[in-house]
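Structure, as structure tokens:
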Amino acid sequence: MRCPVMSTPSTPGRNGIRVNAVAPGPIWTPLNPCGGASDEKLAQFREDTPMGRPGQPNEVAPAFLFLACADSSYMSGQVLHPNGGIIVNG
């Protein structure tokens, strides 16, 4: 996902088009227990982040809203990572 976002920001930006993305980490939803994962795997799901828990949908939604509103009008070619503290490209 990162390559298309990073490779397109300069030309479309001149036409008012911004290209950004959201790449969330582990997010807990009501569908997680229905996905076929074992109980052990579901128990470990919360241990995958430095915060020690999966995120909630309401913790990721603001990232999408930010990119959709005028507050992000000077952003293009960026990937937001609401992921519980996992270092990306560090």
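Spin-label model, S76/K41: points 7 Å from Cα along the beta carbon direction are separated by 4.1 nm. Amide H contacts of V22 (H built 1.01 Å from N, in plane; Pro and chain starts excluded): L80 sit under 5 Å, all sequence-distant by 5 or more or on other chains.
We did not get these values from a lab; they are worked out from the coordinates using the rules stated. If you're wondering where the values come from, they're calculated on a predicted model, not measured in any experiment. We place every Cβ from the backbone using ideal geometry, glycine too, and count neighbours over all the protein chains shown.
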